[in-house]
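Structure first, commentary second.
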């Protein structure tokens, strides 16, 4: 439940081991690479110059960038083609894990399999094209089954030309109206799904005129290949026979490809994964440096992973590892790697939507997770509807790419079920089970007041988080005197006590004392800059125009007062939505009763629950998120960090 502590790991090894070393790093997924050249230039590759390290120290004078082997580009393309040929949908989860990564051997194997598979695959494509061609011809000749004239006799006419084609019913009527104007013989030879089939015969001398007329009739010509002879029926029978032969050949080739898939699918998957691994290795070399004999690599590693990384590199000879703490690399910003319990893990996505925590900032995920589940459950408390959300979340978790969102929905569903039990609500009905805590619609004032109290508690916790974050950043000005710091918290608590005392008719502290604390808090917030500079012994006490600073400070106090008031009252929406949730179901229940039939009532209640789960569930999800981002995060969380992104294959 924290941001993991990081360290820079600088590695020096033999250049012949570079590919295998970076391969191990990629597979481990535990190092976020940084530029080794930059680290060397910043003198961050400092190490003890002992006898065994003397050669490494000398070679630092001959540093250069890595030359990249771009052969992988060609073989990524070949690998994708092989996947398509063999029908491989996805690659193995684990890429090449052999001790030595030999890319030349990988591409040799890939080439050999590619050549073996390509021949039958191309033959299969040719057969498919020929079958499609035959099917097209067969459909054409089938339309002309009523024509008894051999095709070759029509082709051999000296002074006449012919065309077969299809007219729609509308165009056929248009044709009949203009028979006397057409110098051609129009023979109706059959009917198809597309329309009426005609044989058109006309003198060669009127060819252009007939082309114009047929275009105006939207005449869809049936093309006849020169290679076929005999009557259309005879040609169709020949094509059927020919198609059977092609189909048989296709089955044989498909069986051959299936056997190749059974033989090579696993190997191809591993080889293609290895090519992608090679691509990532070469991309990683942008961060590496080399000399004549050694490679230099640098990256961020979690402190808890140091032992695993050392075990990973223990197999390499002449390897040297140097560690640098975050305080020793001022030129680099440590990345943030979050570590949370499984319960809180899906809520990291909500935190990242706002921003990544800085390395020296408290991870807000646990607080957000607990508070968000409380807020959602309070607004959407229903045992039955929560159970539906739980099931939906579990189903989504099983789908690829939806694990995080599914986990989020399932946890919110559980929260809804808990509050549904407290409210005594099951699919909107409040008579099925007793309420363990309260029935919202029967205790409206209590629900609204309780929502505000919960909001106050969350705001106070957010102030404490903000003060701790300022302490971690060593920000005295905001931590002590800022509107979200210690003085801001004191100001907020005093206002609560004074206003609450007026409402309750009881004074926890005397009014005079409370007003003095409020005025003192305001003064400290106004004078926060000169006070901070005085404590830190900085001069001048004001870093900008004095009059402008105080005018801005006074207006910021007004803004702070308004934000405290609006932020606190804003939580009343939690109670309002809890009441709306009940009221919306009552509305559907009333509509169901007005219908007057049992079946109609049941249908309306089912539709009502679907609308409530879908529409109101979405609104409550957004409102809960709004309270987190605007009322809580704004007080303690900046989210200006850099995410830890280890080099790995997705």
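All of the numbers you see were taken from the coordinates with simple rules; none came from a lab. As the structure is a computational prediction, the values presented were derived from the model and not from experiment. Glycine gets a Cβ as well: all are built from the backbone with ideal geometry, and neighbour counts include every protein chain shown.
By the count of neighbouring beta-carbon atoms within 10 Å, fewest first, 201, 379, 525 end up ordered 201, 525, 379.
In the calculated pair-distance distribution of the chain, the portion above 38 angstrom amounts to 64 percent of the Cα-Cα pairs. Per-peptide packing, taken as the mean over residues of other Cβ atoms within 10 Å, places 548-554, 358-364, 209-215, 234-240 in the sequence 358-364, 234-240, 209-215, 548-554 from highest down. Between residue 402 and residue 640, residue separation times 0.36 nm minus the direct Cα-Cα distance comes to 83.1 nm.
Arranged from fewest to most other beta-carbon atoms within 10 Å of their beta carbon, 380, 164 become 164, 380.
What FRET efficiency do you get for residue 537 and residue 2 if R0 is 25 Å and r is their Cβ-Cβ distance, rounded to the nearest 0.05? Walk me through the numbers on the way to the answer.
Working: r = 34 Å, r/R0 = 1.34.
Given R0 = 25 Å and the Cβ-Cβ separation, E is 0.15.
Spin-label model, residue 247 to residue 183: label points 7 Å out along the Cα-to-beta-carbon direction sit 4.8 nm apart.
May I ask you to order 30-40, 527-537 by the average number of other C-beta atoms within 10 Å around their residues, highest value first? Display every interim value, and only then the final one.
Details: 30-40: 20.7, 527-537: 15.5.
Packing order, densest peptide first, comes out as 30-40, 527-537.
So what is the relative contact order for the chain, in percent, with contacts set as C-alpha pairs under 8 Å and at least six apart?
Values: 891 pairs, mean separation 137.7, N = 650.
Here the relative contact order equals 21 percent.
Please give the contour-minus-distance gain from residue 557 to residue 221: 0.36 nm per residue of separation, less the Cα-Cα distance, rounded to one decimal in nm.
Details: separation 336, 0.36 × 336 = 120.96 nm, distance 8.35 nm.
Between residue 557 and residue 221, full extension yields an extra 112.6 nm.
Sorting 162, 585 by the number of Cβ atoms found within 10 Å of their own Cβ, with the fewest placed first, yields 162, 585. Here the peptides 67-79, 261-273 are ranked by packing, the mean other Cβ count within 10 Å, and the order with the highest first is 261-273, 67-79. The Cα trace of the stretch 462-560 gives Rg and Dmax of 15.0, 48 Å, the first to one decimal, the second as a whole number. Length available on full extension from residue 207 to residue 261: 0.36 nm per residue minus the Cα-Cα distance, which gives 13.9 nm. The simple Förster model, with R0 at 25 Å and r as the Cβ-Cβ distance, assigns residue 597 and residue 433 a FRET efficiency of 0.40. The long axis of helix 617-626 is offset from the longest Cα principal axis of the chain by roughly 40 degrees. Could you tell me how far the Cα centroid of the stretch 554-574 sits from the Cα centroid of the stretch 470-523, in Å? Taking the Cα centre of the stretch 554-574 as reference, the centre of the stretch 470-523 is 14 Å away. Using only the Cα atoms of the stretch 502-650, build the gyration tensor, take square roots of its eigenvalues as a ≥ b ≥ c, and label the shape rounded, prolate or oblate: rounded if a/c is under 1.5, else prolate if a/b is larger than b/c, else oblate. Judged from the Cα gyration tensor, the stretch 502-650 comes out oblate (a/c at least 1.5, b/c at or above a/b). With both labels modelled 7 Å from their Cα along Cα-to-Cβ, the residue 392 to residue 71 distance reads 5.3 nm.
Legend: translational diffusion of the stretch 218-284 by Stokes-Einstein, Rh = Kirkwood radius over C-alpha pairs, 10 °C, 1.306 mPa s; D = 94 µm²/s.
To the nearest ten degrees, helix 403-423 and the longest principal axis of the Cα atoms of the chain are 60 degrees apart.
Which whole-number percent gives the relative contact order of the stretch 297-377, counting Cα pairs below 8 Å spaced six or more residues apart?
Values: 27 pairs, mean separation 20.6, N = 81.
Computed over the stretch 297-377, the figure is 25 percent.
Between helix 486-504 and the chain there is an angle of about 80 degrees, using the helix long axis and the longest principal axis of the Cα atoms.
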